[in-house]
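The values are calculated or read from the model by the stated rules, or taken from the named source; none is laboratory data. Remember, predicted model here, so these are calculated numbers, not experimental data. All Cβ positions, even for glycine, are placed from backbone atoms using ideal geometry, and neighbour counts span all protein chains on display. Heavy atoms of the whole protein, side chains included, go into the accessibility calculation; ligands, DNA and RNA do not. Shrake-Rupley method; radii C 1.70, N 1.55, O 1.52, S 1.80 Å.
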Amino acid sequence: MTSEEPGFAARTGRLESPATIAMAVRARALRAEGHEVLSLALGEPDFATPRAVIEAAHRAALDGQTKYPPVDGTPALKSAIARKFARENGLEYALSEIMVSNGGKQVIFNAFMATIDAGDEVVIPAPYWVSYPLAARLFGGVPVIAECREEDGFRLTAPALEAAMSARTRWVVLNFPSNPTGAVMGLADLEAVAEVLRRYPQAWILSDEIYEHLVFDGARHHSLAAVAPDLAARILTVNGVSKSYAMTGWRVGYAGGPERLIRMMTRIQGNATSGICSVAQAAAAAALDGPASLIAEMRDTYARRRTMVVEALRAIPGVTCAMPEGAFYAYPGIAGCLGRTSRGGQVVRTDEDFARALLDEQHVACVHGSAFGLGPYLRLSCATSDDVLREACARIAEFVAGLR
Ligand SMILES: Cc1ncc(COP(=O)(O)O)c(C=O)c1O
């Protein structure tokens, strides 16, 4: 027997906890102390899952759909996904080109695990969803950032992408509408990006379209694989029901892509977690086959809240805020608030200092932009009630007024 404690694998050294979750944990601790904390930290719809969707799950359970499902998804859900891709995205995927996972998150883990070797580069436009670089690093990948600037509406430009590409690029990750900025790529933007991608035939392309339905003011979402069908053999189109249908807890995500990639991802999933909860799959099929009105009401509510929040933020001296075209976040710039000291005596040099002091002193939880790869900004989730949003903006204004 040795006195050493059992240890961890070297790869866990690359495994950080996402800043989004860290803020939620801190907010929960303050709440446990009795403070009224307003949480704008997590990207989780505040709506209930539509009733018809819940009823479909109930029926499936009573009908005996309670056994191990196929690893790549039930035929019923995969067929609903194929119809959805054809109807909404102009994409014709065969069932062998579709798989279902525990959320979009597991789709991405499967894909990276199947393809990334140590030293492979993963090009990620910033600001990005925190999980992309974390997942890439876990498998030995090296994130390479392509900056999306506020002057460009936070869209990815061809020159910014080109500057990040190399002979070692294994993946290019696109996420539009974007978490955290809400940027939407127009047709011409995607065509310019596709032109760059054509020059790097060794790179897979992940198009994460999970916020596709949440686009506002007449903006339109386009699927990359439909805009550039010649690249479809390299594109993994990722989606899920979490955001569009208020189904985060059901854990259903899915992907369409080349059969050989889907097959390898399915092999990994079969060894890791097997198929996805059968009842949740029945629910997801009902959501995808359900009426468009399931989505429209939630989308309109997010659009209205976004306008309310952006206008309230713009009225705060030192804060700027672009109007997001999609998703359900606001991404205000706070450069004009830095280098000062809060009422509680905290020095606010960075956006992270700002977010921490705001939580400690005004009990508003949000996430600093630098956690998403571009500061000094904050990400505020608008997927919460009007009252909470209004009060949170008032507290942010109060916090900024107290900076000296
Ligand atoms: C951009 C993006 N992609 C994918 C996901 C994954 O969502 P889920 O695993 O719930 O499908 C999220 C969730 O926050 C997200 O913001």
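A few remarks follow.
- The slack in the chain from residue 277 to residue 118, taken as 0.36 nm per residue of separation less the alpha-carbon distance, amounts to 54.0 nm.
- Point-charge dipole on Cβ atoms (K/R +1, D/E -1) for the chain, about Cα centre, debye to 20: 440
- Take the Cα radius of gyration of the range 299-362 and divide it by 2.2 N^0.38 Å, N being the number of residues; the result is 1.25.
- Local net charge near residue 221, Cβ-Cβ under 11 Å (Lys/Arg +1, Asp/Glu -1): -3
- For residue 92 and residue 168, the difference between the fully extended length at 0.36 nm per residue and the C-alpha to C-alpha distance is 24.3 nm.
- Between 0 and 90 degrees, the angle of helix 187-197 with respect to the longest Cα principal axis of the chain falls at about 70 degrees.
- Partner aspartates and glutamates for residue 105 [C-alpha distance under 19 Å; skip if fewer than 8 residues away on the same chain]: 16, 44, 72, 97, 208, 209, 212
- Among the protein heavy atoms of the range 51-290, carbon and sulfur supply 54% of the accessible surface, probe 1.4 Å, non-protein parts ignored.
- Accessible surface area normalised per residue over the range 51-290 is 38 Å², counting heavy atoms of protein chains with a 1.4 Å rolling probe.
- For a label point 7 Å along the Cα-to-beta-carbon line of residue 360, residues of the range 369-404 with backbone N under 16 Å: 399-400, 402-404
- Reachable lysines from residue 84, criterion Cα separation under 19 angstrom, eight or more residues apart if same chain: 243
- The chain: radius of gyration and largest Cα-Cα distance (Dmax), Å: 21.4, 68
- Residue order by solvent-accessible surface for 331, 377 is 377, 331, largest first, with ligands and nucleic acids left out and a 1.4 Å probe.
- For the range 148-165, putting each phi into the Karplus relation 6.51 cos²θ - 1.76 cosθ + 1.60 with θ = phi - 60° gives couplings of 9, 8, 4, 4, 9, x, 6, 8, 7, 9, 4, x, 5, 5, 4, 5, 8, 7 Hz, in residue order, rounded to whole numbers and with x for Gly and Pro.
- Per residue, the chain reaches -12000 deg cm²/dmol at 222 nm when only DSSP H runs of four or more residues are counted, each adding -39500 (n - 2.57).
- Expressed to the nearest 5 percent, the antiparallel share of DSSP beta bridges inside the chain is 45 percent.
- DSSP-defined antiparallel bridges as percent of all bridges, the range 51-290, nearest 5: 30
- Put simply, the C-alpha atoms of the range 204-265 give a gyration tensor, and the ellipsoid matching it has half-axes of 22, 18, 6 Å, longest first.
- Taking 1.306 mPa s as the viscosity and 10 °C as the temperature, the Stokes-Einstein diffusion coefficient of the range 51-290 based on its alpha-carbon Kirkwood radius rounds to 88 µm²/s.
- Contour minus Cα-Cα distance for residue 391 and residue 11 (0.36 nm per residue): 132.6 nm
- Taking 20 Å as the cut-off, no amide N atom of the range 119-152 comes nearer than this to a point 7 Å along the Cα-to-beta-carbon line of residue 4.
- Within straight-line cross-link reach of residue 67, lysines at Cα separation under 19 Å, skipping those fewer than 8 residues along the same chain: 78
- Working from Cα pairs under 8 Å separated by at least six residues, relative contact order for the chain is 22 percent.
- The ellipsoid that matches the Cα gyration tensor of the range 91-134 has semi-axes, each √(5λ) in whole angstrom, of 22, 14, 11, with the longest given first.
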